[in-house]
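In what follows, a single structure is set out as structure tokens and then discussed.
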Amino acid sequence: MNRDYSLSSEIVQSLQDFSEKNRPESYLIPALQMVQESYGFLSREHLDEVALLLRVPYAKVTGVASFYHFFNFKPSGENEIVICTGTACHVRGAGAVLDRFLEELQVKLEQPTEDGRFSVTDARCVGACAQAPVVIIGEKVYSKVTPDDVPEILSEYGFEADS
Amino acid sequence: MIKQDRISLTIDGFKVDVAPGTTVMQAADRVGVHIPRLCYHPKLSILGACRICIVELKKEGRMVASCSYPVEEGMVVVTSSPKLRRYRRDIVELILDNHPKDCQTCVRDGNCELQNAAYSLGVRERLFEGERKSFARDESSPSIQRDPEKCILCGRCVRVCDEVQGVTNLWQQFRGFESVAAPAHNNEIKHSVCIHCGQCVNVCPTASIVEKNTTDELFEALADPEMTVVVQTAPSIRAALGEGFGYSPGTPVTGKMVTALNLMGFDAVFDTNLGADLTIIEESEEFLNRLESGDDLPLITSCSPGWISFMETFYPHLIPYASTCKSPMSMLSSLIKTYYAETREIDPEKIYSVAVMPCTAKKFEAARDEHKTDWGAPYTDNVITTRELIWMCKCMGINFRRLPDSQFDSPLGVSTGGGDIFGTTGGVTEAALRTAYEKITGETLDELDFMAVRGVEGLREATIELAGREINIGVANGLQNAKELFDRLSAGEKQYHLLEIMACPGGCVGGGGQPYPPEDTFSLDPELVKSRAKALYSIDSNKKLRKSHENPAIQELYTYYLGEPNGERSHQLLHTCYKPNKRRGIR
Ligand code: FES
Ligand code: FES
């Protein structure tokens, strides 16, 4: 898969425009959002580039980025498994489902598997409370998921547990 | 709205009048009540993070953080009550529960602000046992060592690095339980834009940021019969060392310091002042040359290694303007392993050269490749800070206050007043002017005190007449001030001829390796810095020789060893070069 993460010329241009503004720092979050939107995540190189172009100290950029929940620092896997942990799903055991996914895939939240094929992320209410707990992979919505359903769901995507 | 000049309020039953905008904490300080504090620092912006400074507002019946709460007319404040003590104790207990339990073996045992707070608030037991934060120590830098597990997130290091030094290498990274004050990406210091100035060490309330301690190595060297162990002490050590032994700030302790070093087993005790005198000879020559040719002006001083790193990282375009002179420490170290070794017939590889510096950045400077001998060893083998020297004396049972006075050893212990004042902001400029004046005019300078360049303000300018020419001088200490000076420089409104830049506020007397502030003072306290500077000026004014070029040891050095100032040999031994940092800064 070709993944070129260098910043596009449009983004570079907008960052430069921000840096001319009165307080470039106040454009930091919009700048980070912009980069994340087009690459899906923020790499170290992205963050350093943003710092240089925006003329905001490196430490501030990574400090701000790592403070907010909605920034990710790793590319998501080809199959991103989104587990709703909104109130309804939470009460009906989304936590255990989430844990089972992490355990099966041997990963941490938002960290892709080594082969880059899967990553697990949580989301707030996805608007399907009647089906809770809900898991979404790509276009597909799985409802009333229990931890024991997890291996089967994964096998649909060709995942085999080692052991 | 009527603007009120004064606001009167009651603190613990005492009436007090203060200016509007004063905080409750400041007003209480005025009455003589020290409200406990951890995140607050008088020279930094207010964060209000730790909440240990809470007080009760009687009328409103609520508690507020006194460090960030402005006074109001008629306010009734209570700073101490069973309830307040309980709450403050709870806060400190919670901090401690997320803190290593190693007070007895911690480098700051006895002078830790967290420990003091726990003691004075009566925290006598630890109630909770739970998960504690876990971070690796960062020992990557030769100057600064971080132990994030001891960080209480007061944010002082973050603020001093940003607001005072303009480096902004530290910021709070991550969130919640994982929060930590660290460089970008939580990188090691080695891979950051740190300039090693150590101001974060000075303001850290705990041992989360300390200098890299190299005293063990020094003890080993002192015990090695094969080695000739020599030491040099920077100008500002004598003005601050006494504080570690109960002397009030500004008490010069030169003689006792030399005796202490003799007792510790050093084979010779030399004076960095001689290096400073030498710097003046070389640098004033360089200055006069540039003045004559008109090239590469302004000349920017180069003795502060924190400033040098700052330049290499943030202002690489200024490199051609920086003086090529090594710092006084490095000049003297070069002579120790060459001139001294040759004249005393000692194998230079068997010399262990130590420097006591007010500075953490000197540890970095000593390790730079530019300051290595032909055989690959550093010219300066070990740099310890004033704090480390105080500790070593205590460790060796040296009863400092009882010591008699001794003199520095010859030939590298003779110096003039010009060398002494190097330790304070404006001093290098003044010493250089004393010498430059006589060189350029051929006349004797009678009025030696260049009052125009003295002071502790962070940024000063002066215009001085030198042989009918107006010389524009800028003096900055604290790198945020230096930045401002560079802004003026690039605005190009006037031609500057000489810029003196010291990384630390107040110059070396306020260095990142100086003693933790004694009671009633604080780090960055202008009064503290002023009293240390005063000690240096008084040493200078009491000396018979006050102009660097009158130093007989230096004259001898040039006659028998170095040849001409800026000549071939001095270039090889006393000058250096700089290179832009690959990881460039932002500005
Ligand atoms: S809480 Fe999961 S869909 Fe609403
Ligand atoms: S000292 Fe007031 S909140 Fe920390």
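Among the residues of segment B:32-53, are any aliphatic (A, V, I, L, M) and away from ligand 2 (no atom under 15 Å from the Cβ)?
Quick first cut of segment B:32-53, residues aliphatic (A, V, I, L, M) only: B:33, B:35, B:38, B:44, B:46-47, B:49, B:52.
Add one more test, that the residue is away from ligand 2 (no atom under 15 Å from the Cβ), and what stays is none.
Taking every residue of segment B:32-53 in turn, none turns out to be aliphatic (A, V, I, L, M) and away from ligand 2 (no atom under 15 Å from the Cβ).
Does B:ARG88 count as open to solvent by 20 Å² or more (accessible area, probe 1.4 Å) and either within 16 Å of ligand 2 (Cβ to nearest atom) or in contact with a strand residue (DSSP E or B) (Cβ under 7 Å, 6 or more places away or on another chain) (or both)? Show your work before the answer.
Values: open to solvent by 20 Å² or more (accessible area, probe 1.4 Å): no; either within 16 Å of ligand 2 (Cβ to nearest atom) or in contact with a strand residue (DSSP E or B) (Cβ under 7 Å, 6 or more places away or on another chain) (or both): yes.
So B:ARG88 does not fit the description; no.
Of the residues in segment B:183-198, how many are of a type in the set (Val, Ile, Thr), in contact with a Gly (Cβ under 7 Å, 6 or more places away or on another chain) and closer than 18 Å to B:GLY513 by Cα? Steps first, please.
Step one: list which residues in segment B:183-198 are of a type in the set (Val, Ile, Thr), which gives B:189, B:193, B:195.
Pick out the ones that are also in contact with a Gly (Cβ under 7 Å, 6 or more places away or on another chain) and you get B:193, B:195.
Filter once more, so that each one left must be closer than 18 Å to B:GLY513 by Cα: B:195.
Looking only at that region, the number is 1.
Just for segment B:116-135: of the residues that are in a loop (DSSP other than H, G, I, E, B) and aromatic (Phe, Trp, Tyr), which one is least open to solvent (accessible area, probe 1.4 Å)? Explain how you work it out, then say what you get.
Within segment B:116-135, the first condition is being in a loop (DSSP other than H, G, I, E, B), and the residues that meet it are B:121-135.
From what's left, aromatic (Phe, Trp, Tyr): B:128, B:135.
Values: B:PHE128: 121, B:PHE135: 40 Å².
Here the answer is B:PHE135.
Can you tell me which of (1) in the same structural domain as B:SER323 (by TED's automatic domain parsing); (2) within 27 Å of the chain's Cα centre (by Cα); (3) not hydrophobic (A, V, I, L, M, F, W, C) is the one B:GLY567 doesn't meet?
(2)
Quick one: which of A:GLN131, A:GLN106 is touching a Lys or Arg at 6+ places or on another chain (Cβ under 8 Å) and closer than 23 Å to A:SER155 by Cβ? Write out each step before concluding.
Details: A:GLN106 fails: touching a Lys or Arg at 6+ places or on another chain (Cβ under 8 Å).
Checking each option against the conditions leaves just A:GLN131.
Quick one: A:PHE70 ticks every box in (1) within 18 Å of the chain's Cα centre (by Cα); (2) within 11 Å of another protein chain (Cβ to nearest Cβ); (3) surrounded by fewer than 17 Cβ atoms within 10 Å (Cβ to Cβ); (4) not polar (S, T, N, Q) bar one, so which box is it?
Exception for A:PHE70: condition (2).
Give the residues of segment A:5-49 that are in contact (Cβ under 8 Å) with a residue 40 or more places away in the chain and within 11 Å of chain B (Cβ to nearest Cβ), sorted by residue number.
Result: A:GLU45, single match.
Could you pull out the residue among A:LEU105, A:LEU53 that is touching a residue at least 40 places away in the same chain (Cβ under 8 Å), in the same structural domain as A:LEU28 (by TED's automatic domain parsing) and of a type in the set (A, V, I, L, M, F, W, C)? Can you show your working first?
On the way: A:LEU105 fails: in the same structural domain as A:LEU28 (by TED's automatic domain parsing).
Matching residue, one of A:LEU105, A:LEU53: A:LEU53.
Would you confirm whether or not segment B:209-225 contains a residue that is surrounded by 24 or more Cβ atoms within 10 Å (Cβ to Cβ) and under 19 Å from the mean Cα position of the chain (by Cα)?
Among the residues of segment B:209-225, at least one is surrounded by 24 or more Cβ atoms within 10 Å (Cβ to Cβ) and under 19 Å from the mean Cα position of the chain (by Cα), which makes the answer yes.
Any residue in segment B:103-115 that is assigned to a helix (DSSP H, G or I), crowded, with 16+ Cβ neighbours inside 10 Å and polar (S, T, N, Q)? Outline the logic, then answer.
First, pick out the residues of segment B:103-115 that are assigned to a helix (DSSP H, G or I): B:103-105, B:113-115.
This time we only want the ones that are crowded, with 16+ Cβ neighbours inside 10 Å, so: B:103, B:113-115.
Going one step further and asking which of them are polar (S, T, N, Q), we end up with B:115.
Yes, segment B:103-115 has at least one match.
Using the structure shown, decide if B:MET1 is at pLDDT 95 or above and more than 35 Å from the chain's Cα centre (by Cα). Step through it out loud before you land on a result.
Working: at pLDDT 95 or above: no; more than 35 Å from the chain's Cα centre (by Cα): yes.
No.
If B:LEU96 satisfies every condition in (1) farther than 30 Å from B:LYS212 by Cβ; (2) within 16 Å of ligand 2 (Cβ to nearest atom); (3) open to solvent by less than 50 Å² (accessible area, probe 1.4 Å) but one, which is the exception?
Answer for B:LEU96: the failing condition is (1).
At least 1 residues that are in contact (Cβ under 8 Å) with a residue 12 or more places away in the chain, within 14 Å of chain A (Cβ to nearest Cβ) and over 30 Å from B:ILE351 (Cα atoms) in each: list the helices (runs of 4 or more DSSP H) lying fully within segment B:145-228 that qualify.
Details: elements: B:156-159, B:199-203, B:215-222.
Qualifying helices (runs of 4 or more DSSP H): B:156-159, B:199-203.
Of all residues in segment A:17-42, count the ones that are open to solvent by less than 10 Å² (accessible area, probe 1.4 Å) and either assigned by TED's automatic domain parsing to the domain that holds A:GLU110 or among the small types (Gly, Ala, Ser) (or both).
1
Scan segment A:137-155 and tell me whether some residue there is in a loop (DSSP other than H, G, I, E, B), within 10 Å of ligand 1 (Cβ to nearest atom), on the phi > 0 side of the Ramachandran plot and open to solvent by 60 Å² or more (accessible area, probe 1.4 Å).
Quick first cut of segment A:137-155, residues in a loop (DSSP other than H, G, I, E, B) only: A:138-139, A:143-146.
Now narrow it down to the ones that are within 10 Å of ligand 1 (Cβ to nearest atom): A:143.
Then keep just the ones that are on the phi > 0 side of the Ramachandran plot; that gives none.
The answer is no, given that none of the residues of segment A:137-155 is in a loop (DSSP other than H, G, I, E, B), within 10 Å of ligand 1 (Cβ to nearest atom), on the phi > 0 side of the Ramachandran plot and open to solvent by 60 Å² or more (accessible area, probe 1.4 Å).
The values are calculated or read from the model by the stated rules, or taken from the named source; none is laboratory data. Predicted model, so just to flag it, every value in this text is computed and none were measured. Every residue, glycine among them, receives a Cβ derived from its backbone with ideal geometry; neighbour counts consider all protein chains shown. For accessibility, only protein heavy atoms count, side chains too; no ligands or nucleic acids. Shrake-Rupley method; radii C 1.70, N 1.55, O 1.52, S 1.80 Å.
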